[in-house]
């Protein structure tokens with residue numbers, strides 16, 4: 001073995017990073033912590049297979065990435081009723097008349113008060129994570145794997161067992177809901193305050 | 001009645017709905033749309049302020065998520081929790097040695 005693993009230093013050297021990686025993809029604190037623990041367990045069990053051709057951290061992240069996919073696969077395969085949980089009213093557009101398919105007056109995107117440093121703001125980050133948590137699980141899974149984990153559309157479809165058109169419907173839903181959630185809780189509010 | 005059929009329907013077809021436009025805008029973030037679709041979308045955006053805002057917000061959302069991705073290495077875990085994790089790891093290693 002070229003580079004020996006040092007499990008006795010794992011928590012000190014890698015747990016911050018692994019947790020940071022997990023929480024920006026899982027959004028739920030307890031679940032992210034569990035995944036970090038599980039990553040270390042699996043890594044210990046698979047120690048023999050570490051060839052030393054990547055760094056210890058890269059190797060651990062690869063294990064965590066697989067856990068993230070499994071986390072979402074499990075979530076998506078749960079019962080329909082649970083999929084509905086946290087699902088916002090999806091009628092963003094009018095459903096009849098000449099203007100069918102156009103924005104409902106009250107749900108139209110408004111001009112946002114963009115703030116330079118909102119991302120560094122803790123309050124904003126908390127709202128963002130809350131909005132992500134509120135996404136229906138299938139839609140959230142698609143978004144995270146596609147955008148945060150940067151898998152190709154084909155890979156996401158394969159892992160979650162969905163069709164390509166289904167993926168785009170989910171992505172569309174995520175953007176509509178996320179946009180509205182942030183507008184109501186942050187970008188719209190800030191404007192009124194100033 | 002006939003007017004409805006002759007004017008309303010083609011007009012509706014030509015006018016892209018906001019639902020369709022936002023769907024295409026979402027897709028366009030990840031893959032190239034056909035020339036015709038891009039043109040059709042452009043025309044819709046010229047006349048629709050809400051979808052124009054939506055397009056802007058999509059761009060901003062990507063920016064936010066890029067930042068979020070990069071923030072992973074700034075996160076700090078509670079020291080007590082870290083100690084717990086290390087303890088668990090040590091225990092597993094110890095048990096292995098016994099076996």
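Odds and ends about this structure:
- Filtered residues of region B:10-37 (kept if over 17 Å from residue A:95 (Cβ atoms) and assigned to a helix (DSSP H, G or I)): B:10, B:11, B:13, B:14, B:24, B:25, B:26, B:27, B:28, B:35, B:36, B:37
- Failed item in (1) within 29 Å of residue A:18 (Cβ to Cβ); (2) surrounded by fewer than 16 Cβ atoms within 10 Å (Cβ to Cβ), with residue B:38 passing the rest: (1)
- Residue match in region A:159-179 (condition: at the interface with chain B (Cβ under 10 Å from one of its Cβ atoms), under 25 Å from residue B:53 (Cα atoms), surrounded by fewer than 21 Cβ atoms within 10 Å (Cβ to Cβ) and in contact (Cβ under 8 Å) with a residue 40 or more places away in the chain): no
- Among the candidates A:123, A:90, residue that is modelled with pLDDT under 85 and either more than 8 Å from chain B (Cβ to nearest Cβ) or not in a loop (DSSP other than H, G, I, E, B) (or both): A:90
- Restricted to region A:141-194, the set of helices (runs of 4 or more DSSP H) holding at least 1 residues that are at pLDDT 95 or above comprises A:153-160, A:164-182.
- Given (1) more than 20 Å from residue A:21 (Cβ to Cβ); (2) over 13 Å from the mean Cα position of the chain (by Cα); (3) more than 11 Å from chain B (Cβ to nearest Cβ), index of the condition residue A:138 fails: (2)
- Filtered residues of region B:25-60 (kept if within 13 Å of residue A:101 (Cβ to Cβ) and either within 9 Å of chain A (Cβ to nearest Cβ) or out of contact with any helix residue (DSSP H, G or I) (no Cβ under 8 Å at 6 or more places or on another chain) (or both)): B:48, B:50, B:51
- Any chance residue B:77 is outside any helix (DSSP H, G or I), within 23 Å of residue A:25 (Cα to Cα) and within 10 Å of another protein chain (Cβ to nearest Cβ): yes
- Residue match in region B:52-69 (condition: over 24 Å from residue A:178 (Cα atoms) and in a helix (DSSP H, G or I)): no
- Total residues in region A:181-190, condition at the interface with chain B (Cβ under 10 Å from one of its Cβ atoms) and either free of Cβ contacts under 8 Å to residues at least 24 places away in the same chain or under 18 Å from the mean Cα position of the chain (by Cα) (or both): 1
The values are calculated or read from the model by the stated rules, or taken from the named source; none is laboratory data. Note that this is a predicted model, so its numbers are computed, not measured. Note that each Cβ is placed from the backbone with ideal geometry, even for glycine, and that neighbours are counted across all protein chains shown.
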